[in-house]
Structures are given as structure tokens and as C-alpha cells.
């Protein structure tokens, strides 16, 4: 069963090259409105969006992300887990912070922010715009917090670079559904041999794509350097969360 929205989602391609044009005020307002109408846990609305137009801030975010397209052409949005707003509301109503510092409430904010970002992606693509999600802003979360001058009780969880596409990448193959969708019971038995056909499909994709061709497979990536033991600033995420006043109940 397919419709226009499903067709669009099944043909999703991450865009990393954009034309030197920025979004109109109407386009931005539409995307913000889509984000605001995303489901929100317990109606807490614990996310905010920052539109970064300052060249110095964009350059600093690009340096953290280590990707040349970040903060270049198009528009840069940063999605925040935002418990600061609700903290201020509680305090001005004479209440203490209650459960705002718990991991539970933080992850509700993560849900709000990530679902809002995905809704924006779907809306942007329906407007013939291209998008690349930027988990890379967490390469150095403290620097992003400093660059954006964020208050405590906030955390930058995801970025989006959005604009008019200046490339047409091939569709990247995904894991067959039998590996990700289960009825009732989790399938614990995973054999490399069962992934051989998918590995070949991924290898063919990398060999034939227009940009950054290489010989690679899915299982080789999982067994490769990305998940090998090595230190990165991302390993400081929990420390930064604590400094921001978030997830401080872990001793429970």
C-alpha cells in the first residue's frame, strides 16, 4: 500500500550538497509549525529549534561536525532538548524543579526533539527541499553549547541542514525487513551468512554510486573502526549532561 507520502519516504535520500539559496520566511514558518504540531510526551513540549545564521557560529559548528556542508549553503537548524523553559515556568509559579533533572524527563525531551526533527524532514522533502540530519553536532557537545550560549537544562541533540538540493544521490539500500521487524518475540539468532546478500547489495551500491566510491559492506562497517575502542568527545556526553543539570538521578 502506497500513497504520495509513503512514496516520498521510501525514496528518501540524504542530501549533502545544496544550492546557494536560503529558505524563505514562509518556508521556515511552515517547518517550525510542523515541528510544533509533533506529538509531545505528556504535553510538556520539551524541545526548541535554533536557526543559525551567524557566519561565525556556522563555521564553529562546521568545525565540530567535521563536514564541509554543515553551515555552508542552505539553512542550519539545531534541535534542542529544552527543559529550561519548563523549569522557569515552575519556578515562577513558586514550585521547585521537581522531576526535571531526571533521566526519564530528559529522554521525554529527546523523544520530543527527535520526532519534531523527523516531521520537519518529511515536510521539507514534500516541499522539494533536501535535508541531511547532523548527529555530528555531538562530536563535541560542550563546544556546541558554548557556541550557542545555551543555558543549563538544554542540550543540542540533532542538527538539520536544509536547502535546495544540488545533487541526486542514488538510493542507499537498507536492511531487509526480516532483520528489523519482529512479531512478539525478538529474533536473537543472527548469522553473518544470512546477511551475505545484503552485504553484496551494499557493496554494489558503493561501487556504482557517483560520489565517494569504495569497496565496503554493511557488516564490515559494523566490525570496523566506527565501533572499535577509541576516545572521542562523544564519550563526554554524560558529563556534559550533568553539567547542564540533566540526568542527575543516575545514582538511583
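Some values worked out for this structure:
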quantity	calculated
First in segment 33-50 and over 15 Å from residue 119 (Cβ atoms), second anywhere and part of a helix (DSSP H, G or I), Cβ under 6 Å, 6 or more apart	46/109; 46/112
Selection within segment 197-252 - in contact (Cβ under 8 Å) with a residue 60 or more places away in the chain and either within 25 Å of residue 168 (Cβ to Cβ) or assigned to a helix (DSSP H, G or I) (or both)	233, 234, 236, 237, 240, 241, 243
Residues of segment 65-96 classified as touching a residue at least 12 places away in the same chain (Cβ under 8 Å), surrounded by fewer than 21 Cβ atoms within 10 Å (Cβ to Cβ) and touching a helix residue (DSSP H, G or I) at 6+ places or on another chain (Cβ under 8 Å), total	3
Matching helices (runs of 4 or more DSSP H) fully within segment 1-111 where at least 1 residues are more than 23 Å from residue 149 (Cβ to Cβ) and out of contact with any strand residue (DSSP E or B) (no Cβ under 6 Å at 6 or more places or on another chain)	4-10, 25-36
When residues of segment 152-173 are limited to those that are part of a loop (DSSP other than H, G, I, E, B) and over 22 Å from residue 17 (Cα atoms), the one nearest to the chain's Cα centre (by Cα)	153
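No lab work stands behind these numbers, since they all come straight from the coordinates. Note that this is a predicted model, so its numbers are computed, not measured. Neighbour counts run over all protein chains shown; Cβ positions are idealised from the backbone, glycine included.
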